[in-house]
Amino acid sequence: MSIFPRISLKPEVTEYLKSVFLNKEVLAAVGHQEADCRFQKLLTCLSHPPSYTCVRVSTHLAPLEEIRHKLGEELKKQTCSSSEQDVSAQILPHPRITDVLLLPVDGPRAVEQLSSEVVVGAQCGSAVLRGAHVFAPGILASPKYMKAGDVVSVFSDLEGRCTRGATSFQGKKVFVGNGVAEMDRSSIFCTDEPARGVGVRMVEPLYQSPSFDGVLPSLAFLQNLPSVVVGHVLGPRPGERILDMCAAPGGKTCHIAALMKDQGEVVALDRIRNKIDRIRQNAQMLHLQSVKAYCFNSTQAVSGDSAQENEGPPFPAESFDRVLLDAPCSGLGQRPNMGSTWSLKEICSYPPLQRKLFHAAVRLLKKGGVLVYSTCTVTLAENEEQVAWALETFPCLTLHPQEPHVGAGGMPGAGLSPEQLRLLQRFSPELSWDQTETTTPLQCRADGDTIGFFIAKFLKN
Ligand SMILES: C[S@@+](CC[C@H](N)C(=O)[O-])C[C@H]1O[C@@H](n2cnc3c(N)ncnc32)[C@H](O)[C@@H]1O
């Protein structure tokens, strides 16, 4: 059900996206009316959360059914339900992906707004809609005399206009639920050190999903469904050497290591130093020893000296059996996302960086190896156009079928053939937005009701 306004973007960005979704090839394939309808649905569904929570389970540590049962017991404690059976029945295995459990999100619920208002940043508001509490750094405005224990309504600032420390805000905002303040206003805004920890504990969120805070940390990992698909499409095998070029916080790195039963080596690189700790923490939490994380700019990850065999980067050419390039991107597929203040220039800054990373990826991959390229965005320039460019630039690459293939095919517009488009996997929530309003069972609608995402799989010949 649509309850939020469409995603709020700069007009130049909306126009750009419109030109992508109504490009000549799409118009020739489905006609103007259908193409425009899909684009409008995209803008609407991006501001709403998916209707379920996706959990990747550690099948390297325990069987799926055992983890499902344990999760049922844990969640029963949260819901105060009388029967564990009721809760377990709500935790559904994905029909095709053997390490995924799906939990329905209850929402939008009828929640009454209160007179005391806390305003949070758009990113924090989106996290609340996916089941998080409000952390103190996300709070922008609160009532002048707010004390710990006060019950407040939480609003998300849509256009990034609310000033930090304000006592009220009249700009564009949307209600995301009610909660109880855990800190006084003075502890949030009037300290030398930035406040940390939960600022407002959500008790009546508009969208209710189970809290995974501290729940089976080694067995249950929250991850968007397309991100889990990436690991399977890469298809790592025990004993192989894998490179994850843009790895933090390490969700896919850890999945790859788990799929390899922790046998072999998964090298995880990321350019941002403090994100490397997150990769290591996640690997440790999931009991994975095969992950080696380094802070490094992956565009420089190929060593000039082919004889130099370092443990860490840079690496000689053809060092890896498989390479994952989960590229930095404009992130326009993320849901829920009620608003972005990014300019068109910022959005268009990604393709050149993605191509530099691609050059390094191809060189680092062994002949006969697999390269997977993925993004969480919906533009052609970062997805199908990159595939067309790669096929032309690297004659050694060919597109390969993906398993599982649960998303749609690629979007026309980059000059790829219908056969090539069929080999690509684009998760396009706008195509099944109408189904989220029906009684279609969760397991049937899950593959369509995702974030916007793109996956291409190449073989190096
Ligand atoms: C889409 S996120 C990766 C998400 C990650 N694969 C996961 O599943 O948890 C992209 C990451 O690329 C990193 N990055 C950006 N430019 C990079 C570069 N030149 N070399 C290495 N990492 C880079 C960013 O710091 C960011 O963490």
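The values are calculated or read from the model by the stated rules, or taken from the named source; none is laboratory data. Small disclaimer: the values here were computed from a predicted structure and weren't measured. With ideal geometry, Cβ positions are generated from the backbone for all residues, glycine too; neighbour counts draw on all protein chains shown. Note: areas computed on protein heavy atoms with side chains; ligands, DNA, RNA excluded. Shrake-Rupley method; radii C 1.70, N 1.55, O 1.52, S 1.80 Å.
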Open item on the list: Output the 0 to 90 degree angle, nearest 10, between the alpha-carbon long axis of helix 64-79 and the longest principal axis computed from the alpha carbons of the chain.
Closed with: 20
Open item on the list: Let's test the formula: R0 of 25 Å, r as the Cβ-Cβ distance of His32 and Arg355. What FRET efficiency results, to the nearest 0.05?
Closed with: 0.20
TODO: Keeping every protein chain in place, order Lys147, Lys70 by accessible area at 1.4 Å, biggest value first, i.e. largest first.
DONE: Lys147, Lys70
Task: Expected 222 nm ellipticity per residue - DSSP helices of 4 or more, -39500 (n - 2.57), all of the chain, to 500 - done: -8500 deg cm²/dmol
- [ ] Excluding residues fewer than 8 places away in the same chain, name every one of the lysines whose C-alpha is closer than 27 Å to that of Lys76.
- [x] none
Open item on the list: Restricting to Cα pairs below 8 Å that are 6+ residues apart, what does the relative contact order work out to for the range 117-205? Please round to a whole percent.
Closed with: 36
- [ ] Counting only C-alpha contacts under 8 Å and six or more residues apart, can you give the relative contact order of the range 321-461 as a whole percent?
- [x] 32
- [ ] Using label points projected 7 Å from each Cα along Cα→Cβ, tell me how many nm separate Ala317 and Ala89, to one decimal.
- [x] 6.1
TODO: Report, in whole Å, the centroid distance computed from the Cα atoms of the range 90-150 and the range 259-302.
DONE: 30
Open item on the list: Can you tell me which aspartates and glutamates have their Cα less than 13 Å from the Cα of Lys460? Leave out same-chain residues fewer than eight positions away.
Closed with: Glu318, Asp321
TODO: Provide His133, His94, His287 ordered by accessible surface of protein heavy atoms (probe 1.4 Å), highest first.
DONE: His287, His133, His94
Task: Per residue value of the accessible surface for the range 214-265 (all protein chains in place, 1.4 Å probe), Å² - done: 28
- [ ] Could you pull the accessible area for Ser51 with a 1.4 Å probe, rounded to 10 Å²?
- [x] 30
- [ ] Give me the percent of the accessible area of the chain that comes from carbon and sulfur atoms, probe 1.4 Å, all protein chains in place.
- [x] 50
TODO: Compute the relative contact order of the chain as a whole-number percentage, counting only Cα pairs closer than 8 Å that sit 6 or more residues apart in sequence.
DONE: 16
Task: With Cα atoms, 0 to 90° folded angle of helix 11-21 axis to the chain main axis - done: 50
Open item on the list: Using only the heavy atoms of the protein chains and a 1.4 Å probe, how would Glu193, Glu430, Glu34 rank by accessible area, largest first?
Closed with: Glu193, Glu34, Glu430
TODO: Note down the nm distance, to one decimal, between modelled labels 7 Å out along Cα→Cβ at Leu64 and at Arg109.
DONE: 2.9
- [ ] Please give, to one decimal in nm, the separation of the simple spin-label points placed at Glu346 and Glu309, each 7 Å out from Cα toward the Cβ.
- [x] 4.6
Open item on the list: With angles folded into 0 to 90 degrees, how steeply does helix 32-46 sit against the dominant principal axis of the chain? Use alpha carbons for both and round to 10.
Closed with: 60
Open item on the list: Cross-link candidates for Lys172: which aspartates and glutamates have Cα within less than 14 Å, leaving aside residues fewer than 8 places away along the same chain?
Closed with: Glu117, Asp157, Glu159
Task: Square roots of five times the Cα gyration tensor eigenvalues for the chain, Å - done: 36, 27, 23
- [ ] May I ask you to list the GluC sites (Glu not before Pro) in the range 246-347 that are in a DSSP loop and have at most 12 other Cβ atoms within 10 Å of their Cβ?
- [x] Glu309, Glu311
